[in-house]
Amino acid sequence: MNTMLWTVDAKGDLSTNYPQITQAARLLQQNETVAFPTETVYGLGANAKSTEAVAKIYEAKGRPSDNPLIVHIADIQQLEEFAEVDSSQASALMERFWPGPLTLVLPCKQGVLSTRVTAGLDTVAVRMPDHPVALALIKEAGVPVAAPSANVSGKPSPTKAAHVIHDLNGRIAGIVDGGPTGVGVESTVVSCTGDIPVILRPGGVTKEQLEAAAGTVLIDQGITDEEKAPLSPGMKYTHYAPEAPLAIVNGTSEEIQRLIGQYQKDGMKVGVLTTEERAGAYRADAVRICGRRDRLETVAAGLYDALRSFDEEKLDYIFAESFPEEGVGRAVMNRLLKAAGHRVIEV
Ligand code: TXA
Ligand code: MG
């Protein structure tokens, strides 16, 4: 398949980019797949009402069919067509965080969306992205747009069009390049089907921010406890992993450098995932900086690009610094732990 590539200046006047967005929207209407930028990561979109279209997402990504998709909307009227909003917390969260990096799991109205979107569940995950290109595209397409992250299943989510091209060129109908995404980790997924909202996946909106808007919010124990099955189907899969095995180290840069030295002495090629503050401490074969430790949002923004860039180096092992699990650091550590297959070294 020949993949169309359009470049759009997301900061400019979107009306000047209208031809690209209109062409991309046409492909969505023809039940084809189009990758587009959101404020979190790039999504791979398809018409959520069409089983033919949604099947192409699963096919292109190699995604397990029991892992449901997030439906993206451009305005609140679109929501009423396929979801029930009967929770006051859900209303408060929408009011406060949409458009933005928050996905709500709500009761699903039957017969509107393809059942492949929800993987047969009676709930649906929805979000309104805070990105002018995404909003313009969904509006122009005129349908709710199902979109998982636009990576091959198991790889880190794409934060640049180059990542999408690397993973999916030739396998999807089009890519809208709107430059690098901002948040860098995926949206926070919150279930609003019970009395108290439950975080199913930590992400761009923090627990503290959610609680300020909607009162008590719980965290699914399946996220933090390896023994428990997560409530969200997607959270059980290994994800975000670079090709070389990766371990998180709870230790100082001196201790991490000592480990690097030991592995190198055994003939291994070793990488390290670090921050601007500590990068100078390492003599590894590949030193990758994901952001600044004193500004965890920069770490979130740079994490996936750094993880992906290790693959160019053909490493035998990667060590990653660990981060405080507060604010967006919860999402960062959740993704790093998955990338590491939960290997954590205490030194
Ligand atoms: O930031 C994001 O959320 C990005 C951008 C493109 O919007 N999308 C994204 O989609 O990360 P994806 O498919 O990679 O992750 C969706 C997550 C999965 O963990 C999936 O299992 C969960 O949402 N999910 C979807 N529908 C659900 C449902 N009805 N109940 C529980 N979890 C659901
Ligand atoms: Mg994903």
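Bear in mind these aren't lab numbers, they're just calculated from the coordinates by the rules spelled out. If you're wondering where the values come from, they're calculated on a predicted model, not measured in any experiment. Glycine also receives a Cβ, built like all others from the backbone with ideal geometry; neighbour counts cover every protein chain displayed.
For region 246-346, build the convex hull from the C-alpha positions and give me its volume per residue in Å³.
Values: hull volume 8.6 nm³, N = 101.
Value for region 246-346: 85 Å³ per residue.
Relative contact order of region 246-346, please, whole-number percent, based on alpha carbon pairs below 8 angstrom and at least 6 residues apart.
Working: 173 pairs, mean separation 37.4, N = 101.
Computed over region 246-346, the figure is 37 percent.
With N residues in the chain, what two-decimal value do you get for its Cα radius of gyration over 2.2 N^0.38 Å? Don't skip to the answer; put the middle values down first.
On the way: Rg = 20.0 Å, N = 347, 2.2 N^0.38 = 20.3 Å.
With N residues counted in the chain, Rg over 2.2 N^0.38 Å equals 0.98.
Against the longest principal axis of the chain, how steep is helix 253-265, in degrees 0 to 90 to the nearest 10, with axes from Cα atoms?
With rounding to tens, the tilt is 80 degrees.
Percent relative contact order of the chain, based on C-alpha pairs within less than 8 angstrom and at least six residues apart?
Values: 804 pairs, mean separation 66.5, N = 347.
About 19 percent, as a whole number.
Taking the beta-carbon count within 10 Å as an exposure proxy, list Ser191, Ser309, Ser149 from fewest neighbours to most.
Numbers: Ser191 22, Ser309 16, Ser149 29.
Arranged by neighbour count, lowest to highest, Ser191, Ser309, Ser149 become Ser309, Ser191, Ser149.
If neighbour count is taken as other Cβ atoms inside 10 Å, put Arg258, Arg26 in order from fewest to most. Please list the in-between numbers first.
Numbers: Arg258 12, Arg26 15.
Starting with the residue having the fewest Cβ neighbours, the order is Arg258, Arg26.
How many angstrom separate the Cα center of region 89-117 from the Cα center of region 180-252?
17
Which aspartates and glutamates have a Cα lying under 20 Å from the Cα of Lys314, excluding residues fewer than 8 positions away in the same chain?
Straight-distance partners of Lys314: Asp167, Glu243, Asp266, Asp285, Asp305.
Under a cut-off of 23 Å between alpha-carbon atoms, report the lysines in cross-link reach of Lys207, not counting same-chain residues fewer than 8 places apart.
Qualifying lysines at Cα under 23 Å: Lys228, Lys236, Lys338.
For His342, His166, His72, His131, what's the fewest-to-most ordering of other Cβ within 10 Å of each Cβ? Write down the numbers at each step before the final one.
Working: His342 12, His166 15, His72 28, His131 23.
Listing His342, His166, His72, His131 from fewest to most nearby Cβ atoms yields His342, His166, His131, His72.
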